[in-house]
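Trainee: Let me begin by handing over the structure; questions about it come next.
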Protein chains: 2
Amino acid sequence: MDEKKTDRRILRTRQKIKETFAHLMEVKGFEAITIRDLTECADINRGTFYLHYLDKYDLLEKSEDELFEEMERLTDEAWEDVSRDQFEKVNMNEPLPFIIKLFEYLEENYDFIKVLLGPNGNSAFQVRVKEVIQKKMLDKFLIHSHPEHMLVPLDYLVAYVSSAHLGVIQQWLERGMDRTPQEMALLLSKISNFGPAYVAGLKETVEE
Amino acid sequence: MDEKKTDRRILRTRQKIKETFAHLMEVKGFEAITIRDLTECADINRGTFYLHYLDKYDLLEKSEDELFEEMERLTDEAWEDVSRDQFEKVNMNEPLPFIIKLFEYLEENYDFIKVLLGPNGNSAFQVRVKEVIQKKMLDKFLIHSHPEHMLVPLDYLVAYVSSAHLGVIQQWLERGMDRTPQEMALLLSKISNFGPAYVAGLKETVEE
DNA sequence: CCTTTTAATGAACACGATGTTGTGTAATCA
DNA sequence: TGATTACACAACATCGTGTTCATTAAAAGG
């Protein structure tokens, strides 16, 4: 049913469609794109589009799927390395390698990702990015945490942290990636480990 | 140009449109709604719709505007009270009143808001919710923080915290509002003040 | 290299949603 | 009550959709 097609014509056509799609997403946003637009711009027959995709939603989904799968593959890989090497060690001031990998991948696909995670982006895709982060955070909390010290429900805590990470990613994209993946991962590590109040310099006002 | 219309017919028609719109958003989602659908369901003439709105995007925008403005009004009010009463006091373990107000307002408009902030929601609206939170957080940090203790850039910190809050709101909506606004605000206060790592019970593993 | 297979083209089609217009009706306001 | 105007109804051109068919061209395989 879903056998891999190797015909060069198919690969060429699909690539051209996806390229043009990514381009038009930047230019006019997803909703404004019509199949006519896309196929004219890609210089292929309109009917040809329907040989490969059901409609533009199908195209979006399949494009996102590819990004998502690679994102998950890379971060899973990095996460397994850490789990094996430093299973019991929690470094308060070191960035998580899988977060670095995530930023690196986003950087590679900047043009398209910026649109998907931007203000006119796709909520469903943002949920999937959060899921990638959530999975690892859940792991981390379940392995390293002391349940008796868990002050809030786990699912809310995970929602908090993964959304925070996504928010910082979005800010980073909006600022035109003004820092390296390493710097970003370290920054996230600091806030998450020391807490927003502490890194903001708020805690002292109370302690003194 | 934008004078207030008081004609009952206008008010009735617009209300019916907005009601039906909110209803259809829940049932089939924004993209699947057609003006035909909407006007048939609202039992008004299709042409009448165009006397009030340019298209469905205009309708969405204006509906969101109303939610946004009320959201901002309520939270601004609560924020000013705090700024006046306890300007210098930072309570580590007390919920922020404006966050309580925010949750209360979301609760009142559950049906519509749940769609807008859900997985098939509107990214632009989510940005606006974050902006409401951001504005206050920025205030808080600027007033109470010690700049010399600021460990990360302010904009990234604000992005982190406001996105985290939005994420928790979304989780709360998905869980069918399983807690009270007060409980949610307290929960958020705990995580933000003590830090994700601490409330997860992670910090002890390092300190011991 | 030649044959077979099949992807892509171009044109045509019915269909549905859009946004506009003109006329008549009925509700609202002053 | 009389003037105003929001609304209903119907018709219209326009556009994008998704499908079909015969035709052309390119790739795969022997």
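Trainee: Here is a list of conditions, (1) under 23 Å from the mean Cα position of the chain (by Cα); (2) in the same structural domain as B:Val127 (by TED's automatic domain parsing); (3) over 30 Å from A:Lys56 (Cβ atoms), and B:Gln15 meets all of them except one; can you say which number that is?
Mentor: Of the numbered conditions (1) under 23 Å from the mean Cα position of the chain (by Cα); (2) in the same structural domain as B:Val127 (by TED's automatic domain parsing); (3) over 30 Å from A:Lys56 (Cβ atoms), the odd one out for B:Gln15 is (2).
Trainee: Please count how many residues of region B:159-208 are charged (D, E, K, R) and in contact (Cβ under 8 Å) with a residue 24 or more places away in the chain.
Mentor: 2
Trainee: Could you list all residues from region A:29-40 that are closer than 19 Å to A:Gly118 by Cα and aliphatic (A, V, I, L, M)?
Mentor: Hits for region A:29-40 are A:Ala32, A:Ile33.
Trainee: Only residues that are at the interface with another protein chain (Cβ under 7 Å from one of its Cβ atoms), in contact with a Ser or Thr (Cβ under 9 Å, 6 or more places away or on another chain) and free of Cβ contacts under 8 Å to residues at least 12 places away in the same chain: list them for region B:126-149, please.
Mentor: B:Ser145, B:His146
Condition check ((1) open to solvent by 100 Å² or more (accessible area, probe 1.4 Å); (2) closer than 19 Å to A:Val115 by Cβ; (3) near DNA strand D (Cβ under 10 Å from one of its atoms)) across all residues:
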{"residue": "A:Leu11", "(1), (2), (3)": "no, no, yes"}
{"residue": "A:Arg14", "(1), (2), (3)": "no, no, no"}
{"residue": "A:Val27", "(1), (2), (3)": "no, yes, no"}
{"residue": "A:Asn45", "(1), (2), (3)": "yes, no, yes"}
{"residue": "A:Glu64", "(1), (2), (3)": "no, yes, no"}
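Trainee: Taking the conditions exactly as written (open to solvent by less than 30 Å² (accessible area, probe 1.4 Å), farther than 22 Å from B:Leu102 by Cα and away from DNA strand D (no atom under 14 Å from the Cβ)), does B:Asp37 satisfy them or not?
Mentor: No; evaluated as a whole, the condition is false for this residue.
Trainee: Can you tell me which residue among A:Val115, A:Val132 is at negative phi, open to solvent by less than 20 Å² (accessible area, probe 1.4 Å) and of a type outside the set (Asp, Glu)?
Mentor: A:Val132
Trainee: Only one of (1) in the same structural domain as A:Gln182 (by TED's automatic domain parsing); (2) modelled with pLDDT under 95 is not met by A:Lys101, so which one is it?
Mentor: (2)
Trainee: Also: Can you give me the ranges of the helices (runs of 4 or more DSSP H) entirely in region B:93-188 with at least 2 residues that are farther than 23 Å from B:Glu77 by Cα?
Mentor: Per the criteria, B:110-116, B:123-144, B:154-174.
Trainee: Still on this model: Within region A:56-77, which residues are away from every other protein chain (no Cβ under 14 Å), within 16 Å of DNA strand C (Cβ to nearest atom) and not hydrophobic (A, V, I, L, M, F, W, C)?
Mentor: Residue satisfying the conditions is A:Lys62 alone.
Trainee: Evaluate region A:91-108: report whether one residue or more is more than 8 Å from every other protein chain (Cβ to nearest Cβ) and within 27 Å of B:Pro181 (Cβ to Cβ).
Mentor: No, region A:91-108 contains no residue that is more than 8 Å from every other protein chain (Cβ to nearest Cβ) and within 27 Å of B:Pro181 (Cβ to Cβ).
Trainee: Looking only at residues in region A:171-186 that are hydrophobic (A, V, I, L, M, F, W, C) and open to solvent by 10 Å² or more (accessible area, probe 1.4 Å), which one is farthest from B:Pro153 (Cα to Cα)?
Mentor: Here the residue is A:Met177.
Trainee: With open to solvent by less than 60 Å² (accessible area, probe 1.4 Å), without any contact (Cβ under 8 Å) to a residue 40 or more places away in the chain and not assigned by TED's automatic domain parsing to the domain that holds B:Leu117 as the only criterion, which of B:Ala22, B:Ala32 stands out?
Mentor: B:Ala32
Trainee: Can you find even one residue in region B:65-86 that is under 20 Å from B:Leu173 (Cβ atoms), assigned to a loop (DSSP other than H, G, I, E, B) and assigned by TED's automatic domain parsing to the domain that holds B:Pro181?
Mentor: No, every residue in region B:65-86 fails to be under 20 Å from B:Leu173 (Cβ atoms), assigned to a loop (DSSP other than H, G, I, E, B) and assigned by TED's automatic domain parsing to the domain that holds B:Pro181.
Trainee: Can you find a residue in region A:150-170 that is loosely packed, with under 15 Cβ neighbours inside 10 Å, within 7 Å of chain B (Cβ to nearest Cβ) and at pLDDT below 95?
Mentor: yes
The values are calculated or read from the model by the stated rules, or taken from the named source; none is laboratory data. As the structure is a prediction and not an experimental result, all values here were calculated from the model. Ideal geometry is used to build each Cβ from the backbone, glycine not excepted, and the neighbour counts take in all protein chains shown. Calculation scope for accessible area: heavy atoms of the full protein, side chains included, ligands and nucleic acids excluded. Shrake-Rupley method; radii C 1.70, N 1.55, O 1.52, S 1.80 Å.
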